1. For residue 101 and residue 66, compute 0.36 nm times the residue count separating them, minus their Cα-Cα distance, and round to one decimal in nm.
2. Can you tell me which of 115-124, 76-85, 154-163, 59-68 comes out highest on packing, and rank the rest after it, using the mean Cβ neighbours within 10 Å?
3. May I ask you to derive the relative contact order of the stretch 64-117, considering only C-alpha pairs under 8 Å and at least 6 residues apart, and to give it as an integer percent?
4. Please report the carbon-and-sulfur percent of the accessible area for the stretch 79-154; probe 1.4 Å, protein heavy atoms only, DNA, RNA and ligands left out.
5. Any idea what the relative contact order of the stretch 82-152 is, in percent, if you count C-alpha pairs under 8 Å spaced at least 6 apart?
6. Under the definition of Cα pairs under 8 Å and six or more residues apart, what whole-number percent is the relative contact order of the stretch 40-178?
7. What is the calculated FRET efficiency for residue 52 to residue 90, with r their C-beta to C-beta distance and R₀ = 25 Å, to the nearest 0.05?
8. Per residue, how much accessible area does the stretch 65-164 show when a 1.4 Å probe rolls over the protein heavy atoms, in square angstrom?
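The values are calculated or read from the model by the stated rules, or taken from the named source; none is laboratory data. All values derive from a computational prediction rather than experimental measurement. Because the Cβ atoms are built from the backbone with ideal geometry, glycine has one as well, and the counts that use them run over all protein chains shown. Note: accessible area is taken over every heavy atom of the protein model, side chains too, but ligands, DNA and RNA are not part of it. Shrake-Rupley method; radii C 1.70, N 1.55, O 1.52, S 1.80 Å.
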Amino acid sequence: PESCPSDSIACRRTSGSGSLRHVATSSKAGDALAQASALSEAARTNCLDLPLADWLEVSGGARGTLAVLRAGAVQDPITGLEITVEDAWTNVAGGGRLLLKPSPALRLFAGVSQGFRAPNLSDTTRLDTARSGELEVPSPGLRPERTLTVEGGAKMREGPLTCEAVAFYTWLTDVIDR
C-alpha cells in the first residue's frame, strides 16, 4: 500500500517484485517513536597523571556509562504487532598510557584502552530497508559492543621536522553488525 491505515503501526511499501522498498509509519507509530527515548550518561575522569621521573610519565583514566533504552511502540518483524523495547546497560571502561622520554627529541609511548557501545534505537527498533537494499529488522536484546585496544609508537622532533609512527591492534567482542 502507498499509505497507512489510521489504526496501523506501520505499513510496508513494496516494489513491483514484492520486495520491501520503504516502511511508512502512521501518525500513531510516529508519535510512539517520537516518545521513544535513549539516555546515556557518562562520567569520565583522569584518575592518574603521574610524572615518575623526568624521562617517564604514567597516565590513566576511566569512564562509567549508564545507557537506558525505552521505545514504546515498535513493530515486531515476525508478527507485525506492536511491542515495547526496554533495556539498560552499564559499563566501566579504563585505559592507561606510558610515556618514555629517552632524549629531548624522542618520545616513546605505549597504551591500552577499553571501549563500550550500547545498542541504540536504530539497532534495536528499526524496521526499514538500508541503502544497500538489505532489510533491517528490530533486534531487541542485543548485548553491548566492547573493544580492547593496545598501541605503541614513537614521536621524534628535530628542528622543524616531526616524525611519528604508531601501531595498534583492536579486539572486538559482541560486535553490533548492521
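1. On the way: separation 35, 0.36 × 35 = 12.60 nm, distance 3.76 nm.
So the extension gain works out to 8.8 nm.
2. Working: 115-124: 18.4, 76-85: 13.0, 154-163: 10.5, 59-68: 16.6.
Going by the mean number of other Cβ atoms within 10 Å, highest first, we get 115-124, 59-68, 76-85, 154-163.
3. Numbers: 77 pairs, mean separation 15.8, N = 54.
Computed over the stretch 64-117, the figure is 29 percent.
4. Details: 2360 of 4250 Å².
C and S atoms contribute 55 percent here.
5. Details: 99 pairs, mean separation 22.4, N = 71.
Normalised by residue count, the contact order of the stretch 82-152 is 32 percent.
6. On the way: 306 pairs, mean separation 25.3, N = 139.
With pairs under 8 Å counted, the relative contact order is 18 percent.
7. Numbers: r = 33 Å, r/R0 = 1.31.
The value I calculate is 0.15.
8. Values: 5800 Å² over 100 residues.
So the stretch 65-164 comes to 58 Å² accessible per residue, rounded to a whole number.
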